[in-house]
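Reviewing the structure listed below.
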Amino acid sequence: MKRQLLLTFAVVCLVNGHFSSLSSAQNQSDQRPYREVAVTFDDLPGVSMLQNPRCTAKLYFELNRKLVRSITNHRIPALGLVVESRICENQRNALADLLRIWLDAGLELGNHSYSHFDLNTTPLELYQADVIRGEATTNRLLKERGKQLKYFRHPFLHAGKDLATKSAFEEFLSERNYTIAPVTIDNQEWVFAAVYSKALDRREHATARRIAAAYLTYMDEIFDFFEKLSVAVMGYEIKQVLLLHANPLNADYFDEIVAMMKRRSYRFISLTQALEDPAYRSPDRYAGPRGLSWLHRWALTKGMTIREEPREPEFIARLYREYHLRGGTR
């Protein structure tokens, strides 16, 4: 009898311990931060192929199909910002079919201008005319589906060299029923992408893999930086907006970027949903030479100083300089 009681007691302890462990794990899970991010891609239908001497429509179709497949596999309501001139000169007739890949997948398209001019160095009237020119194919495709262009994003995130230019251009956008597509998680991804594409062109596959590994580590650091900056500037973690580009690096490694975001407890939302966060109604009075995250813009408007972001590793910067000297990367 005594033995049976001891055995029963041991079983009860084991069971209680098991449920205690489950409860502890559940509590830890409940304490994980709940985060949301809208994923956006600039420079559709693609960048980094323009410098490829073998630039063909096939390269563009492969890139866009691969990237869109990855986006839709993860059920991410991404936005693609189109630069209608970003295609090889002899491939312009393929633009509509390339953009249909995104629309057929249920993804949204916006305007990133026709020529990717810099507002800080381009006369305002010429810049505005280029925005209108950038609507042609994209707007036609959207109208076929009963939709219209809604979002515009400034190339280089340059919103005006002074407040007068900034205000005049924002009035122009409002008259054309555009909403500015802001960015809160900005980054140097384009540097990694440029050297990655060049390494692939040169068949330097070991270098390409090293670049990709550094990119994934860097993006994790970037997310950590902007999460903390959001708390410092706004007092809480806002619904973030991530800027990436349509390029071979993301076509090959976007799945890994998604895995990183999921490890950081992110849920994927549309840009429309992100802009419901009251943070995006905060005053932004920054005008000047830098292309800044809106978190930095809000900080400057509040009189705070800019915190410098993580940068690419030195070997990436060195490769960029070397490749650039050999014939350009952008």
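Values quoted throughout were computed directly from the atomic coordinates according to the rules given, and no laboratory measurement underlies them. Here the structure is a predicted model, which is why all the values come from computation and not from measurement. Note that we place each Cβ from the backbone using ideal geometry, even for glycine, and neighbour counts take in every protein chain shown.
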query: Exactly which trypsin sites (Lys or Arg not before Pro) in the range 200-285 are in a DSSP loop and have at most 13 other Cβ atoms within 10 Å?
result: R202, R203, R285
query: Among residues other than Y114 whose Cβ falls under 13 Å from its Cβ, what is the net charge (Lys/Arg +1, Asp/Glu -1)?
result: -1
query: How high is the relative contact order of the range 35-325, in percent, with contacts defined as C-alpha pairs under 8 Å that are six or more residues apart?
result: 27 percent
field: Longest segment of the chain lacking chymotrypsin sites (Phe, Trp or Tyr not before Pro) that sit in a DSSP loop with at most 10 other Cβ atoms within 10 Å
entry: 35-235
task: Under 1.5 on a/c is rounded, so check that first for the range 35-325, then, if it is not, pick prolate when a/b is larger than b/c and oblate when it is not; a ≥ b ≥ c are the square roots of the alpha carbon gyration tensor eigenvalues.
output: rounded
query: Taking 1 over the mean of 1/r across every pair of different Cα atoms in the range 189-296, what Kirkwood radius in Å do you get?
result: 15.7 Å
